[in-house]
Amino acid sequence: MATVTAFILLVLAVGGAGTVSFVLPPLLCLCALLVVLRPPRFRFDPLSITLVFSLLFLVLTLVPLPVGSYFGARSQVFSRASTALDASREVSPQVVSSATGGAMLDHAYDTSPAWRPMTLNIAGTGRFTVMFALCLGLFILARSVGESVRRRILHAVVLIAVCVAVCGLIGRYVIPQGKSLLWLIPVRHGKPMGPFVNRNHFALLCALAAPVALSFAVQPRLFMGGADVDDGAVGGRMPVFRTIFFLVCFLLLVAGAFHSLSRSGSLAVLSGVFVTALLWVRSRPLAAAVAVILGVVAITAFVVLSHGGIGERRETLRNPFETASAQHRLSMWGSGLRIWLEFPLAGVGADGFRAVYPAYKSNTSRKSAVQAENEYVQVLAEGGAVGAILALAVCVFFVRAFFRCHWAVARAELFAWRRRWGRVSRPAERTLARGYDSPSTARGYDSPSMDKSPGLFYAVCGVVVCAAVHCLFEFGFRMPLNAAVLALVLGAAVPASVLAGEGGKPATLRWIALPVILVALALMLSVWRDVDSLDKDWRVRNAPLAEVERAVWWAPTHWLPWFALSQRHLERSLDVFAETGVASPRALDFALYCADIAVECNPNDYRLWRSLAELRRRAGYPVASAEAARRAIELRPYLANEMREYLELGGQSSPWEEF
């Protein structure tokens, strides 16, 4: 089991952190087959049930419903897209350019579809659902295995994270990887580090594994109820080699997070390490000393280091809200809340933020956004009230299960901190102290099956704090590798045998996993190419008419498919005029109609207004062309000279000349 888990993580890492095409469906099939062939023996608890309901909610947003069954803004959007597809077939010229060999260009649909899923971005929601299903499978598998397998799974997490960190450091300082992932996979944008396009996501992986490596360095066995005795150690001595090995791993992970120059990653790793080291302080003197030293080293390194731009990035934290990045994020968070108010119940669908955000953004920057840069805001915008309630329920049930699995350790910590602040009465002190000898060593446990590892408790507390901090500023868990690592660590922290007993039935998981396999195969063999990239700019810009029409139907609020549909009809009308000498005014008017919708979906993009001014001039609407030119000048004043011709044709003047 641990070997298969390590293989899945390795494939995700080599496959661009899981972003490369055709990586997720095969891994999902492998994970589901593992559940089918070796069904875990435990009963479903509230945490697992809530996670399954979350997956069902994602699947329901992909289930087609009659277009007429929707209401509000969603109904208007779908009706507009359906009308446009009908018009696209009607105005499409019957003769195409000789470049196509005289063949007719097909349309995406013979008739406008009468059924459509609820999500506003079918491709993005499909990708996210596959990733969520994979992580749910890993979480269930990590919960269902024994202590030794869980320890090996955590070993695999740390080792793969260290390998990624080393690759990132080598790619930055030794062998520059440029615009590529692991020197092999070219990318179009971003600042790649290791297998990640975004250095913030690279830093998150390092930050997630750092508290686990810290606990392994202090307590190498981690599942021995606090014992630091190794099976092969002579005379019960601490396994020094393992301690040194995990010390090196910890330092490499912290170095990777810092040298990524990610402020959110640095804050995440510092917060996680600080919490884990603070919890270790109350343990044995040697363990406490090691934990404190490592924590101090990490914090001191961040404060003192200035190599490679770390100092410059650190200085920006003195006034964090004055940076351009912070201003952009605050603007996006406000836009995310406005999106939620427009779609309050079920949101816009998982990964639908990229398709809706341009219509709601308040700034005039060319820079768009594919995520909200805040996981809490994004869950609210994409899942609505239903998604937010499910996410909150998952968090509550996980905390409940986590403290049930580690109740003795948690009770000792609660007792110690409350007694330190003088808030424990004598009856409460006797109640809390019952079952163990002293608060510094949690030796008594309520159940023989209860997890006896304070080290695991401390590590997972650090991981949870690290994840919570990073989610405030980034969307790192939208990367499959990061999400899989978090699922494995959290699954190892709440073993199902503790919650449901060893006699649990091999449940019905095989009947849940079987349809998951079939769905994954269907996606991989039929529509995965569209699910993988039909909402990506690089594909839509150069797509043929049929794919553009499908992109309009799959993401009807995204401005780029509408603009591409306008361009395709304009090109085809020009081809017809060049070959037959007969103009197609209906095609030109329809191109203008699509361009108007594109501008409506992205009203603060000056490039669209500039293109709209030219298109309106061609269609013979000089006054409307001048209005578009005025709006372009308002957004970018330096376009005044370029737009003067359109203003003169419409009998208007530049707004800046009037001022």
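Only one of the numbered conditions (1) crowded, with 24+ Cβ neighbours inside 10 Å; (2) of a type in the set (D, E, K, R); (3) within 21 Å of the chain's Cα centre (by Cα) is violated by Arg199, and that is (1). Of all residues in the stretch 5-19, at least one satisfies being within 19 Å of the chain's Cα centre (by Cα), hydroxyl-bearing (Ser, Thr, Tyr) and open to solvent by 50 Å² or more (accessible area, probe 1.4 Å).
If you go through the stretch 464-482 and keep only what is open to solvent by less than 30 Å² (accessible area, probe 1.4 Å), farther than 26 Å from Pro25 by Cβ and touching a Gly at 6+ places or on another chain (Cβ under 6 Å), you end up with Cys466, His470.
The residues on offer are Arg89, Arg80, and the sole one that is modelled with pLDDT of 85 or more, among the charged types (D, E, K, R) and assigned to a helix (DSSP H, G or I) is Arg80. Consider the stretch 154-206 and keep the residues that are of a type in the set (Phe, Trp, Tyr) and outside any loop (DSSP other than H, G, I, E, B). The one that is farthest from Ala6 (Cα to Cα) is Tyr173. Against the conditions (1) of a type in the set (S, T, N, Q); (2) modelled with pLDDT under 55; (3) open to solvent by less than 10 Å² (accessible area, probe 1.4 Å), Gln378 satisfies every one except (2). The set of residues in the stretch 596-653 being of a type in the set (A, V, I, L, M) and either under 23 Å from Arg541 (Cα atoms) or not in a helix (DSSP H, G or I) (or both) consists of Ile597, Ala598, Val599, Leu608, Leu612, Ala613, Leu615, Ala619, Ala628, Ala632. Of all residues in the stretch 541-584, none satisfies the criterion of being more than 40 Å from the chain's Cα centre (by Cα), closer than 19 Å to Asp86 by Cβ and without any contact (Cβ under 8 Å) to a residue 24 or more places away in the chain. Can you name the residue in the stretch 319-367 that is basic (Lys, Arg) and part of a helix (DSSP H, G or I) and is also farthest from the chain's Cα centre (by Cα) among such residues? Only one residue tops the list, namely Arg338.
What residue, among those in the stretch 534-549 that are surrounded by fewer than 24 Cβ atoms within 10 Å (Cβ to Cβ) and among the charged types (D, E, K, R), is nearest to Gly124 (Cα to Cα)? Only one residue fits best here, namely Lys536. Among the residues examined, Leu525 does not qualify as under 27 Å from the mean Cα position of the chain (by Cα) and modelled with pLDDT of 85 or more. In the set (1) open to solvent by 50 Å² or more (accessible area, probe 1.4 Å); (2) at pLDDT 90 or above, Val240 fails one condition alone, (2).
When the stretch 567-595 is limited to residues that are modelled with pLDDT under 90, within 18 Å of Arg541 (Cβ to Cβ) and in contact with a helix residue (DSSP H, G or I) (Cβ under 6 Å, 6 or more places away or on another chain), the one that is surrounded by the fewest Cβ atoms within 10 Å (Cβ to Cβ) turns out to be Leu570.
Look at (1) over 21 Å from the mean Cα position of the chain (by Cα); (2) not in a helix (DSSP H, G or I) and you find that Thr316 fails only one, number (2). Considering the stretch 37-58, the residues that are outside any loop (DSSP other than H, G, I, E, B) and buried (at least 16 other Cβ atoms within 10 Å of the Cβ) include one that is modelled with the lowest pLDDT, namely Ser48. In the set (1) of a type outside the set (D, E, K, R); (2) at pLDDT below 75; (3) open to solvent by 10 Å² or more (accessible area, probe 1.4 Å), Leu267 fails one condition alone, (2).
The values are calculated or read from the model by the stated rules, or taken from the named source; none is laboratory data. Computed from a prediction, not measured in an experiment: that's the story for all the values here. Note: ideal-geometry Cβ built from the backbone for every residue, glycine included; neighbour counts use all protein chains shown. Accessible surface is based on the protein model in full, side chains and every heavy atom, while ligands, DNA and RNA are left aside. Shrake-Rupley method; radii C 1.70, N 1.55, O 1.52, S 1.80 Å.
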